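The values are calculated or read from the model by the stated rules, or taken from the named source; none is laboratory data. No experiment lies behind these values; they were computed from the predicted model shown. Note that we place each Cβ from the backbone using ideal geometry, even for glycine, and neighbour counts take in every protein chain shown. All accessible areas refer to the heavy atoms of the entire protein, side chains included, with ligands and DNA or RNA removed. Shrake-Rupley method; radii C 1.70, N 1.55, O 1.52, S 1.80 Å.
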Amino acid sequence: MTRRTLFSLATLGLLVVGAIVAVRAWSAAEAEAHRAERAAQRAERLEAFDERMGQVVEESRGLMPDVVGNVALGFTMAQVREARGARLGPAPTSAMGLVMLEERLENGGQVMYGFERGGQRLVQVQILSMLPSADAIAPHLAAMNDTYGRPTGIWDCPTTGGVPTRRFTWRRAHTTVSDVFLVYGDRISLTFYIATSDQIGLSLRMASCTPVPVDGIAEFPVATAEQMERAAREGR
């Protein structure tokens with residue numbers, strides 16, 4: 001092999017090594033650029049999330065019932081525990097995958113706090129109670145209208161945990177208030193919800209809710225004994 005050939009091979013080797021080094025440097029720079037871009041996107045998402053949660057907190061403060069008036073949607077689980085004290089206890093995960101805490105009120109009512117899994121932010125509050133009779137429905141709705149205005153939606157929901165319900169909703173920009181009536185025999189079970197509008201929308205879809213026509217508003221759906229027994233057996 002001649003000296004010129006050796007020189008050519010050495011030169012080629014240097015060029016190859018240089019090319020490899022350049023490619024690796026470019027790849028490292030490209031990877032770093034991708035990491036920086038992903039970090040910036042995460043920061044933007046977090047900023048947007050924090051901004052939205054701030055709006056949810058402020059809007060829900062003015063909608064929350066007095067009995068839980070020191071709580072707002074968007075609170076962390078730690079903030080809710082601090083606000084409600086030792087009366088909170090764990091509850092089964094909801095059908096929508098929310099992490100739940102339960103509180104028993106002195107008046108016999110029950111409050112359920114639902115937190116989304118990812119950031120553990122409060123996205124739903126339920127207050128469960130009973131009305132003494134069907135005669136109490138109209139005065140209750142009149143009081144709700146005085147507090148929240150005219151309902152933005154009236155719904156019949158045939159598959160609420162296996163039983164039919166009537167729902168009234170009062171939607172705001174970021175949050176929605178809802179009353180859910182379950183009528184069975186001479187008993188009226190009432191669940192007040194305040195939740196993010198996304199959560200209420202998901203709940204309406206899961207229960208196959210449809211708007212109630214004007215001529216059907218006065219007639220509430222009634223659960224049968226069989227439906228109630230089946231729902232109880234299935235733990236709904």
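Per residue, what volume in Å³ does the Cα convex hull of the stretch 128-173 take up?
That works out to 111 Å³ per residue.
I need the phi-derived Karplus couplings for the stretch 124-138: 6.51 cos²θ - 1.76 cosθ + 1.60, θ = phi - 60°, integer Hz, Gly and Pro marked x.
Running phi through 6.51 cos²θ - 1.76 cosθ + 1.60 with θ = phi - 60° gives 7, 10, 10, 10, 9, 8, 10, 9, x, 6, 4, 5, 7, 5, 4 Hz.
For a quick protection proxy, order the peptides 177-183, 111-117 by their average other-Cβ count within 10 Å, most packed first.
Ranking the peptides 177-183, 111-117 by packing returns 177-183, 111-117.
Looking only at Cα atoms, what is the convex hull volume of the stretch 96-236 per residue, in Å³?
Cα-based convex hull of the stretch 96-236, divided per residue, equals 123 Å³.
Probe radius 1.4 Å, ligands and nucleic acids ignored: give me the carbon and sulfur share of the accessible area of the stretch 124-207 as a rounded percent.
Exposed carbon and sulfur together represent 56 percent of the surface.
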